[in-house]
């Protein structure tokens, strides 16, 4: 499939206030899919001033009216889906058969618009003294900077853009370099919705500019989704400004399969939880602990299900696993696998994919057994299509291993016994515990 011509030129007018460019290398064929100018310091300062000026009026706009703009933006975005779906494939490698995240984007946006008025109401304080009225009033923060990731480029951006705007803030979006066109699509959609100028702005920045802007004291809140290392850089850059931060970082999410689990259901869902999006999910399944009574049955089913993946060009409807977003990410997985094999692990899939070689973003899924916590694949975030499966004797061992990690986004427990799942979940050190399912959207 030929590359769409629109990727070769900017979708929005950036003017002349730019100096350098950032190049987006497509994982499909290694070509430069898009190239965009990076804003100068003067352009960045001007964008912030526009945001500050626009935010004051925007904060006075009734919440119901703000919601109408959000829904109009959503309608404009969905109308571009035929162009956006292949764009995502070209930018970060997700197969076109999975669409462009629009189901989740529509549900999430609509839901946040619906709950905004109630969520933003003042909250009465308890036990006021006679003659006093006490309440907590929820005011806009001001200018919110959203630094969005490439792995779910529309959904993760919507998660923060829409609530920030509904709360009366202005938003400056800095999207990942790997998904440059996404920020432009949002800008197009908001422009078509008639959003007042300056309330939402897409900017293209490098790391140094981003850190400089965060340290300037001109941003009131930043929301970052990405790696732990990136989160540390954001925190360091913002130090001393007293801005508020929202950080959603990496994970090494575990699953525990108990003897009474519905095996077909557990296998199918855990394979999908581990390998969807080429494993490039913060809340993806990266390590599985299976009770010894059902270990062999589970491993056999897991391997068979994994072998059903079709690795190839994401523009092909038959492809179920495209390339990773960058070759260096795939090489890190290859290194994790090699280290595990040196330490005694066993690889079971060994799928033959012509492009799967060092320096290539194409990488077949892999299942490892005979693993332990001395191996990086069980300790360090993989963020790719590899998973280790360990046999455990009992709940105590499973809980100890699940908690043997510096990460803590989600965990899943697979059993028919709800009380047992709750008891185990209460002891797992993680933000969210699922029973009989992996991470999912709701809404």
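Determine if region 219-238 includes at least one residue that is part of a loop (DSSP other than H, G, I, E, B) and under 22 Å from the mean Cα position of the chain (by Cα). The answer is yes; a qualifying residue exists. Residue-level analysis places residue 99 among those that are at positive phi and surrounded by fewer than 17 Cβ atoms within 10 Å (Cβ to Cβ).
Counting residues in region 218-234 that are within 22 Å of residue 368 (Cβ to Cβ) and touching a residue at least 12 places away in the same chain (Cβ under 8 Å) gives zero.
Considering only region 372-389, state which residues are buried (at least 21 other Cβ atoms within 10 Å of the Cβ) and either without any contact (Cβ under 8 Å) to a residue 40 or more places away in the chain or not in a loop (DSSP other than H, G, I, E, B) (or both). Passing the criteria: 375, 377, 378, 386, 387, 388, 389. Considering region 327-357, the residues that are modelled with pLDDT of 95 or more and part of a loop (DSSP other than H, G, I, E, B) include one that is surrounded by the most Cβ atoms within 10 Å (Cβ to Cβ), namely 345. Take the conditions more than 20 Å from residue 279 (Cα to Cα), modelled with pLDDT of 95 or more and within 27 Å of the chain's Cα centre (by Cα) and apply them to residue 409. Does it pass? When the stated conditions are applied, residue 409 does not pass them. None of 148, 189, 167 is in contact (Cβ under 8 Å) with a residue 40 or more places away in the chain, on the phi < 0 side of the Ramachandran plot and in contact with a strand residue (DSSP E or B) (Cβ under 8 Å, 6 or more places away or on another chain) except 148.
For region 409-437, name all the residues that are in contact (Cβ under 8 Å) with a residue 12 or more places away in the chain, part of a loop (DSSP other than H, G, I, E, B) and surrounded by fewer than 18 Cβ atoms within 10 Å (Cβ to Cβ). Listed by number, the residues that qualify are 416, 417, 427, 429, 431, 436, 437. In the set (1) more than 24 Å from residue 199 (Cβ to Cβ); (2) surrounded by fewer than 18 Cβ atoms within 10 Å (Cβ to Cβ); (3) touching a helix residue (DSSP H, G or I) at 6+ places or on another chain (Cβ under 8 Å), residue 85 fails one condition alone, (2).
Condition first: over 30 Å from residue 275 (Cβ atoms), in a loop (DSSP other than H, G, I, E, B), assigned by TED's automatic domain parsing to the domain that holds residue 179 and at pLDDT 95 or above. Can you find one or more residues in region 64-76 that meet it? Looking through region 64-76, none of the residues is over 30 Å from residue 275 (Cβ atoms), in a loop (DSSP other than H, G, I, E, B), assigned by TED's automatic domain parsing to the domain that holds residue 179 and at pLDDT 95 or above. Only residues that are surrounded by fewer than 23 Cβ atoms within 10 Å (Cβ to Cβ), touching a strand residue (DSSP E or B) at 6+ places or on another chain (Cβ under 9 Å) and closer than 30 Å to residue 361 by Cβ were counted across region 253-270, and they come to 1.
The values are calculated or read from the model by the stated rules, or taken from the named source; none is laboratory data. In this text, all values refer to a predicted model and were calculated from it rather than measured experimentally. Methodologically, a virtual Cβ is constructed for each residue, glycine included, from the backbone with ideal geometry; neighbour enumeration extends over all protein chains shown.
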